[in-house]
Amino acid sequence: MIVCHEDTAVVILSYNGTKWHELFLPKIVEQAHTGYEVIVVDNASTDETLNYVQTNFPSVKTLSIDINRGFANGYYEALKRVKAKYYVLLSADFEVTEGWFAPLHTAMERDPMLAGCQPKIRYWRDKEYFEYAGAGGAFMDNYGYLFCRGRIFFDLEKDNGQYNDNIEVFWASGGCLFVRADLYHKVGGLDHDFYAHMEEVDLCWRLKNAGYKIGYIGSSVVYHVGGSVISYGSPQKLYYNFRNNLILLIKNEKGRKLLWLFPLRLMLDGVAGARLLTKGEFRQTYTIIKAHFHFYGQIGKWLKRRSECKKLITTRNETGIYKRSIILDYFLRKRKLFTDLDWQPRKLD
């Protein structure tokens, strides 16, 4: 067990991440004097990650996991062994900036109902633009589809300061997630069966169903490389996108809504598969079918998880749910930017 002397543990999960630590760990460690301790968790790397960190960054504490069972499981196992008031789940391929930590910490200290938050996330390879994983605040539409300010589907916005505010969102990026440790454990932490992708949305939804808030703090900025674990557009990414979204819904959505939403989602996913098929993308079509078969093949497990999640529900906080269809708005109404939606998120107190 690692007991932190500061109230915040910045926990970096790493798999063969030496190249990222060479680039980004110096700045993270340099900024630690602002009030956090750094912990690197080696997720069964096959390179010299652990030795590199221990040799070059003696102030950084380390943990090791013997078997790599994915991103979500890595944190699930590691955070059992870290004692702090707050955790920051920070992916190895993130670059922090001067003063990134204080606005997030201040927001959490100011509002005890704020269970978690994220900074503004921009793209490391083109730093003027937002990045896919969280961007300028993250939301969900009425049909379970996820989107962000600064990134709706395939369109990334340039950051011109339009999202410098502090708002309540539906979910915060798992790439840089500031979360209260006691609440993280109270709701069960990250679900290791997600493996990777949407596990942070599931966690945030459970926190929201328990009556808490999730925030976006626009005065804190970090940069994300992206696609370093699962490549954007890969069949693996597509598989987890479809399978995990179904798990997300069955675990957390209201029962009466699922009665019509699941048949609709089955139809919409079929349309997506048919569209790929007409374009000759047979492997992607098969991936969507496989995701559905794997989901329904374990339906008993997901229903058990739903039963566990229902015990945590107090007052559902649905702030951050867009009560329309982001798919219709984007593809049919051609509303490519968040500002085109004519919908304003709620400011944080």
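The values are calculated or read from the model by the stated rules, or taken from the named source; none is laboratory data. Here the structure is a predicted model, which means the values were calculated and not measured. Glycine also receives a Cβ, built like all others from the backbone with ideal geometry; neighbour counts cover every protein chain displayed.
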Query raised in the report: How many of the residues making up region 125-171 are farther than 15 Å from Val221 by Cα and aromatic (Phe, Trp, Tyr)?
Result: 8
Query raised in the report: Do any helices (runs of 4 or more DSSP H) lying entirely in region 159-256 carry at least 3 residues that are within 14 Å of the chain's Cα centre (by Cα) and at negative phi, and which ones are they?
Result: 199-209, 235-252
Requested in this report: Restrict the check to region 97-107 and report whether at least one residue is touching a helix residue (DSSP H, G or I) at 6+ places or on another chain (Cβ under 7 Å), modelled with pLDDT of 95 or more and more than 26 Å from Glu30 (Cα to Cα).
Outcome: no
Requested in this report: Can you run down the residue pairs with Cβ atoms below 7 Å, 6 or more apart or on separate chains, where the first is in region 305-317 and in a loop (DSSP other than H, G, I, E, B) and the partner is of a type in the set (A, V, I, L, M)?
Outcome: Leu312/Val187; Leu312/Ala210; Ile313/Ala210; Thr314/Ala210
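Let's see how each residue does on (1) of a type in the set (A, V, I, L, M, F, W, C); (2) closer than 19 Å to Cys117 by Cα:
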position: Val11; (1), (2): yes, yes
position: Leu23; (1), (2): yes, no
position: Ala44; (1), (2): yes, no
position: Arg81; (1), (2): no, no
position: Gly99; (1), (2): no, yes
Requested in this report: Go through region 312-327 and count every residue that is under 10 Å from Asp141 (Cβ atoms) and either touching a Cys at 6+ places or on another chain (Cβ under 7 Å) or not hydrophobic (A, V, I, L, M, F, W, C) (or both).
Outcome: 4
Query raised in the report: Which members of region 259-305 meet the condition of being modelled with pLDDT of 95 or more, under 26 Å from the mean Cα position of the chain (by Cα) and either farther than 18 Å from Asn244 by Cα or of a type in the set (Asp, Glu) (or both)?
Result: none
Query raised in the report: Is it the case that Asp126 is out of contact with any Gly (no Cβ under 9 Å at 6 or more places or on another chain) and free of Cβ contacts under 8 Å to residues at least 12 places away in the same chain?
Result: yes
Query raised in the report: Could you say which residue among Asn56, Asn73 is free of Cβ contacts under 8 Å to residues at least 40 places away in the same chain, within 22 Å of Asn16 (Cβ to Cβ) and assigned by TED's automatic domain parsing to the domain that holds Arg206?
Result: Asn56
Report summary line: Over region 82-115, the set of residues within 25 Å of His21 (Cβ to Cβ) and assigned to a strand (DSSP E or B) is Val82, Lys83, Tyr86, Tyr87, Val88, Leu89, Leu90, Ser91, Phe94, Glu95, Val96
Requested in this report: Give the number of residues within region 306-315 that are hydrophobic (A, V, I, L, M, F, W, C) and within 19 Å of Arg243 (Cα to Cα).
Outcome: 1
